[in-house]
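None of the figures in this text is laboratory data; all of them are computed from the coordinates on show. Quantities reported herein were computed from a predicted structural model and do not represent experimental measurements. Counting neighbours? That spans all protein chains shown, and the Cβs are built from the backbone with ideal geometry, glycine included.
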Amino acid sequence: MQVIKNIDDLRGVIGANDGDVCYVTDYIGNNDGGGGHFVWRIAGFTTATDNGGTIIVPGGANPTNGRWVRNIEGTTINVRWFGILGRESDADYSTELNKLIVAFTTSEKVTGVQIMFPRGYYRFRNVTIPSGFTLVGEQTARNNWIANMPVLIRPTYTASPGLNDCIFNFTNDTENASLENLYIDGDYENPAGSGLYAAVIFSGKFCSLINNNIVNCAKHAVFGSPWASRIENNNLHGLKAATGYGNDSSTDRGFLGSLHLQSFVDGWIINNEIGATSTYLDFKDPNRKGVAVFIKGMEASVVNGNVFENGDLAAFFMDGGFNYLSGNRYELSMSTGLELYNMFQCNFHGERFTNNSLKTVGRYDDLVVNQNCANNTFISPTFTKTYNPGLASLNIDGKVRYNITNYGNNSGVWKNVFISPYFTNIGTLDPNTSYPKNPGRKYALTPYCVNPSEVDPYIID
């Protein structure tokens, strides 16, 4: 068996017989992990093109028209086999990754392809994820903000960013694809990331995002219209403070959101931490742009065990129904914890609202149920304020504002039921006399309503 230094040297070697084997030490050199065993193949490969990773075509005279074919054991494809070495923090590997994807998309194995990223630094832009592909890091990246991660992926710089630029794109035609164990840094403070619309555009069917960090995004961490898909155990942070787009007064709050999903049907959003790329004091009190936005028909889906935090408005649900939400936390928001707008027949079980309405005037509520919300049931919701040293260090006292449920004037809200709600320290007065008074929020008539024009829900204590 011959031993060859690297892939370029392999192109200068011609096999003598079908089945000859050689070992390539590196892709380029210095133990870069891109080498491996190659077999000389003739039958079935005489017209195969050089893809730079698994099929290598010699450059010299080739009487049998054979090819060097990488011997792959198992189903996992290492990106280093295609020269995606992850050694330089500014190297753009978009072309190489697209070659890898094409190599396996056009083969007979069009589904069940797992692409593995070893420890390293990678930059990509607008890479489309085909059906059946899983991109996975060799180690989990869950909830770790340290930049020196095992796998760190950032956007490639472009002088002319498009309106919908992203790092990875699940199109409407993508099915059964996944991103797992990846640390994706939106790099919003640098030109490479400042023009990024979303780190991941997540549409298609039966797709998943599992155990990823997708953080430091200028706008959306994840944006899309997936169907029957899963978003599970991720850390999603985008929507940098003072983002200059959207309409503060629009119903949908300017279509913002670190996680922004439209027409999300029959899906699962489980055990994620979803917040904003900023600190508490960067936000505007009347802005109310949600860190999680679900609009245009979220139906028959499960939202469980998530934390929505550190934004103007924690979560905003609009125009949907038949959903089950349980064990979610809405916390550390400048204004409202959760706002529902035209939502119907949803079941909320054990939802927790804590430390919302943090701006000094405290004008907002933990929960707002508004505009034709009907037949929703809240079982054992908890409304509370707790002491937080981090808030104190930012001169936010964390005292109770208005732990209430707000029913908007002339909203048409009806048949919403609260079963065994728990409240602590209902804020009937402004907690600090040095703060400006906020008309309409000085007294709470009940734990649910603050003025006679608001409609009491049906309560089972």
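Counting 0.36 nm for each residue step from residue 197 to residue 43 and taking away their Cα separation leaves a gain of 50.8 nm.
Which links in 289/415; 205/296; 99/219 stretch past 22 Å when you go from one Cα to the other? Could you put the intermediate results ahead of the total?
Working: 289/415 28 Å; 205/296 17 Å; 99/219 29 Å.
Cα-Cα > 22 Å for 289/415; 99/219; rest within.
Over the C-alpha atoms of segment 1-73, the Rg to Rh ratio, Rh being the Kirkwood estimate, stands at 0.93. Taking 0.36 nm per residue of sequence separation and removing the Cα-Cα distance, the residue 14/residue 326 pair yields an extension gain of 106.0 nm.
Cα extents for segment 24-110 along the principal axes, largest to smallest and rounded to whole angstrom: 42, 30, 23. Among 23, 341, a tally of other beta-carbon atoms within 10 Å of each Cβ gives an order, fewest to most, of 23, 341.
Residues 116, 318 in ascending order of nearby Cβ atoms (within 10 Å, fewest first): 116, 318. Ranking of 260, 37 by neighbouring Cβ atoms within 10 Å, starting from the fewest: 37, 260.
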